[in-house]
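Here is the structure we will look at, set down as structure tokens.
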Ligand SMILES: [Zn+2]
């Protein structure tokens with residue numbers, strides 16, 4: 001008699017809990033929404049502004065781009 005031992009291992013989603021580490025995005029200067037996220041470089045202007053420590057952001061509410 002062979003015992004068919006089925007491995008019953010529950011795979012818990014051991015996601016790393018990044019608590020207390022919330023991304024601090026700047027507020028949108030147009031509508032004041034804080035749902036902003038980094039935008040990709042759109043051209044040489046963004047590349048130049050990066051020299052000035054200005055990163056391109058995009059507002060998720062009014063979808064306007066700004067630099068911060
Ligand atoms: Zn906005």
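The values are calculated or read from the model by the stated rules, or taken from the named source; none is laboratory data. Since the model is a prediction, treat every value here as computed from it, not as a measurement. With ideal geometry, Cβ positions are generated from the backbone for all residues, glycine too; neighbour counts draw on all protein chains shown.
Taking the stretch 34-68 as the range and being in a loop (DSSP other than H, G, I, E, B) and over 19 Å from residue 24 (Cβ atoms) as the test, the residues that pass are 40, 41, 42, 43, 52, 62, 63, 64.
Does residue 54 qualify as being modelled with pLDDT of 95 or more and surrounded by 13 or more Cβ atoms within 10 Å (Cβ to Cβ)? Criteria not met by residue 54.
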